[in-house]
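Here is the structure we will look at, set down as structure tokens.
The values are calculated or read from the model by the stated rules, or taken from the named source; none is laboratory data. Bear in mind the structure is a predicted one, so any value in this text is a computation, not a measurement. In this analysis, Cβ positions are derived from the backbone assuming ideal geometry, glycine residues included, and neighbour counts consider all displayed protein chains. Ligands, DNA and RNA are stripped out before the accessible areas are found, and what is left, the full protein with its side chains, is counted by its heavy atoms. Shrake-Rupley method; radii C 1.70, N 1.55, O 1.52, S 1.80 Å.
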Amino acid sequence: MPTAPGYCAIDFGTSNSAIAIPQGRGAMRLIELEPGYRTMPTAVFYAAEGETHEKPRCEFGRAAVAAYVDGIDGRLMRSMKSILGSTLIDRTTDIGGDRAVRYLDVVATYLAHLKRRAEAETGATIGRAVLGRPVFFVDDDPARDAQAQAALQTAARRAGFREIAFQYEPIAAAFDYEQGVQREEKVLVADIGGGTSDFSIVRVGPLLAGKAERKDDILANHGVHIAGTDFDRRVELASVLPLFGYRAFGAATADAPAREVPSAVYFDLATWHLINTIYQPARVAELRGMRSFYADPAQHRRLMSVVAQRLGHELLARAESAKITVAEGGATEIDLGQVEAGLRAGFDEAQAQDALDADLDRIVAAAETTAAQAGLRADRIDALYFTGGSTGLRLLGDRLQRAFPAARPVRGDRFASVATGLALHAARRFGTALSS
């Protein structure tokens, strides 16, 4: 009986992704996706060059972001995971050069790149994969949540995987945490990444780790669709976009009081997958016609400069950078000189507190709901395991620790814990499987 095709584990994240392959004797390892990096930005850049009948050239990860920053004509796609479960997934989007691509195919193209990198590393075909998924792709809508997983499975099949399994990302993180546990514990895993904040309470321990079936050890799962990209949006709206007219007013007249400038464009500017909609000709004409809405003409001029130079993603990236800078406290200034010479926006932890307060409350409430679903009081949680890029935000970590004061805080690898746990699950599921 021939050996089954190779297998892998994929952490397909909103902001970053990773892939693990077997290393012998049931072990797995994360591969280097880019020089010096085991994780790679979840980003695809489609170059606009070439004939319309030709398949567009693609860049991935940091190369994709660099192509966009360098001003190469084309389309940068990020936060693709957030499209799963939305009506956008089956739609097409313009990538330049009179070409368009389906959003679902963007996801498949990225997964296929990860697959090629893994196959180049192993020298063998990989046909089976464990993919991580959030507890909820879509909050409070089981039908759309199921559609989101089905869309990801379809994308994985288009990428070339023939056998696909899923595991909840916080459960995977619990498997990673379990490797260092000396006694049985109940751990609350806080997996807070770019798109979702997921929580699981899992029974772990050295005598449990070898079990093939762990369903009974999963005491509760819960999550909310709020995380890093939402934080970036809040930061940009609070610090950057007021300089461009967000929450600004027009001039009062003898017949009417001052009215607030329409805000839709600013919410789109602060949402990765909607930024490009602002550059459509009809939208540009609409925004150009709004000049009289602004009491301060400089705000409208800056907005139109962003549109003309297609700086939307750059503004959001600078807001994200500011968030990271103040994550441990302190303050920063956001340089907006690309838009207007000398233009800067200040941002500090107090502003972050105000901007993120409601989101942080909802995230902590989701953690508390998880404990309630497990039938456990907060003081019965032994450990609080942090993973995911957004757990570096001190404001968030402090609030979760106050909610579970008896739990020992443990910080895993923010960008690799989930991938490592998925790899452990893949080895248990596929490690001894044979093809028929």
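List the strands (runs of 3 or more DSSP E) that sit entirely inside the stretch 26-124 and contain at least 2 residues that are modelled with pLDDT under 95.
In the stretch 26-124, the matching strands (runs of 3 or more DSSP E) lie at 27-30, 43-47, 74-78, 92-96, 99-102.
How many residues are of a type outside the set (D, E, K, R), surrounded by 22 or more Cβ atoms within 10 Å (Cβ to Cβ) and within 21 Å of the chain's Cα centre (by Cα) when one looks only at the stretch 227-239?
5
Restricting the search to the stretch 394-416, which residues are crowded, with 18+ Cβ neighbours inside 10 Å and modelled with pLDDT under 90?
Correct list: Gly412, Arg414, Phe415, Ala416.
Here is a list: Leu114, Leu76. Which entry is in contact (Cβ under 8 Å) with a residue 40 or more places away in the chain, within 24 Å of Ala173 (Cα to Cα) and out of contact with any Lys or Arg (no Cβ under 9 Å at 6 or more places or on another chain)?
Within the list Leu114, Leu76, the selection yields Leu114.
I'm told Ala352 meets every condition in (1) open to solvent by 30 Å² or more (accessible area, probe 1.4 Å); (2) at negative phi except one. Can you identify the failing condition by its number?
The number of the failed condition is (1).
Residues of the stretch 125-145 being in contact with a Phe, Trp or Tyr (Cβ under 6 Å, 6 or more places away or on another chain), at pLDDT 90 or above and closer than 19 Å to Asp191 by Cβ, which ones?
Leu131, Arg133, Asp145
Determine whether Ala327 is at negative phi, surrounded by 16 or more Cβ atoms within 10 Å (Cβ to Cβ), assigned to a loop (DSSP other than H, G, I, E, B) and not polar (S, T, N, Q).
yes
Output yes when any residue across the stretch 196-210 is open to solvent by 10 Å² or more (accessible area, probe 1.4 Å), touching a residue at least 60 places away in the same chain (Cβ under 8 Å) and under 20 Å from Ser417 (Cα atoms), and no when none is. Give the steps one after another, and end with the answer.
Of the stretch 196-210, the ones open to solvent by 10 Å² or more (accessible area, probe 1.4 Å) are 196, 203, 206-210.
When the remaining residues are screened for being touching a residue at least 60 places away in the same chain (Cβ under 8 Å), the result is 196.
When the remaining residues are screened for being under 20 Å from Ser417 (Cα atoms), the result is 196.
There is at least one residue in the stretch 196-210 that is open to solvent by 10 Å² or more (accessible area, probe 1.4 Å), touching a residue at least 60 places away in the same chain (Cβ under 8 Å) and under 20 Å from Ser417 (Cα atoms).
Run down Arg362, Arg380 and say which single residue is closer than 23 Å to Gly180 by Cβ, open to solvent by 50 Å² or more (accessible area, probe 1.4 Å), charged (D, E, K, R) and at pLDDT 95 or above. Walk me through how you get there before you give the answer.
Working: Arg362 fails: closer than 23 Å to Gly180 by Cβ.
Exactly one residue qualifies, and that residue is Arg380.
For the stretch 330-342, enumerate the residues that are farther than 21 Å from Thr391 by Cβ and surrounded by fewer than 17 Cβ atoms within 10 Å (Cβ to Cβ).
Of the stretch 330-342, the ones farther than 21 Å from Thr391 by Cβ are 331, 333-342.
Within the stretch 330-342, Ala331, Glu333, Asp335, Gly337, Gln338, Glu340, Ala341, Gly342 meet the criteria.
Return yes when Val187 is surrounded by 24 or more Cβ atoms within 10 Å (Cβ to Cβ), in contact (Cβ under 8 Å) with a residue 12 or more places away in the chain, among the aliphatic types (A, V, I, L, M) and in contact with a strand residue (DSSP E or B) (Cβ under 9 Å, 6 or more places away or on another chain) and no when it is not.
yes
Residue-wise test of (1) among the acidic types (Asp, Glu); (2) assigned to a loop (DSSP other than H, G, I, E, B); (3) closer than 30 Å to Pro297 by Cα.
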| position | (1), (2), (3) |
| --- | --- |
| Ala352 | no, no, yes |
| Gly375 | no, yes, no |
| Leu396 | no, no, no |
| Leu422 | no, no, no |
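For the structure I just gave you, tell me whether Phe161 is buried (at least 17 other Cβ atoms within 10 Å of the Cβ) and in contact with a His (Cβ under 9 Å, 6 or more places away or on another chain). If you could, list the steps in order and put the result at the bottom.
Working: buried (at least 17 other Cβ atoms within 10 Å of the Cβ): yes; in contact with a His (Cβ under 9 Å, 6 or more places away or on another chain): no.
Spelling it out, it is not the case that Phe161 is buried (at least 17 other Cβ atoms within 10 Å of the Cβ) and in contact with a His (Cβ under 9 Å, 6 or more places away or on another chain).
With Arg362, Arg428 as the choices, which residue is farther than 18 Å from Asp11 by Cα, out of contact with any helix residue (DSSP H, G or I) (no Cβ under 6 Å at 6 or more places or on another chain) and in a helix (DSSP H, G or I)?
Of the residues listed, the single one that is farther than 18 Å from Asp11 by Cα, out of contact with any helix residue (DSSP H, G or I) (no Cβ under 6 Å at 6 or more places or on another chain) and in a helix (DSSP H, G or I) is Arg362.
Looking only at the stretch 15-25, filter to residues that are under 18 Å from Thr196 (Cα atoms) and open to solvent by 10 Å² or more (accessible area, probe 1.4 Å); which one of those is modelled with the highest pLDDT? Spell out how you get there, then give the answer.
Filtering the stretch 15-25 down to residues under 18 Å from Thr196 (Cα atoms) leaves 15-18.
In the following step, the residues that additionally are open to solvent by 10 Å² or more (accessible area, probe 1.4 Å) were identified as 15-16.
On the way: Ser15: 86, Asn16: 91.
By that ranking, first place goes to Asn16.
Hey, any hits in the stretch 165-185 for a residue that's acidic (Asp, Glu) and farther than 28 Å from Pro22 by Cβ?
Yes, the conditions are met somewhere in the stretch 165-185.
List every residue pair whose Cβ atoms lie under 8 Å apart, where the two residues are 6 or more positions apart in sequence or sit on different chains, the first residue falls within the stretch 248-277 and is among the basic types (Lys, Arg), and the second residue, located anywhere, is open to solvent by 50 Å² or more (accessible area, probe 1.4 Å).
Arg259/Phe249; Arg259/Phe293
Of a type in the set (Asp, Glu), open to solvent by 40 Å² or more (accessible area, probe 1.4 Å) and touching a residue at least 24 places away in the same chain (Cβ under 8 Å): is that true of Asp94 in this structure?
Values: of a type in the set (Asp, Glu): yes; open to solvent by 40 Å² or more (accessible area, probe 1.4 Å): yes; touching a residue at least 24 places away in the same chain (Cβ under 8 Å): yes.
It is true that Asp94 is of a type in the set (Asp, Glu), open to solvent by 40 Å² or more (accessible area, probe 1.4 Å) and touching a residue at least 24 places away in the same chain (Cβ under 8 Å).
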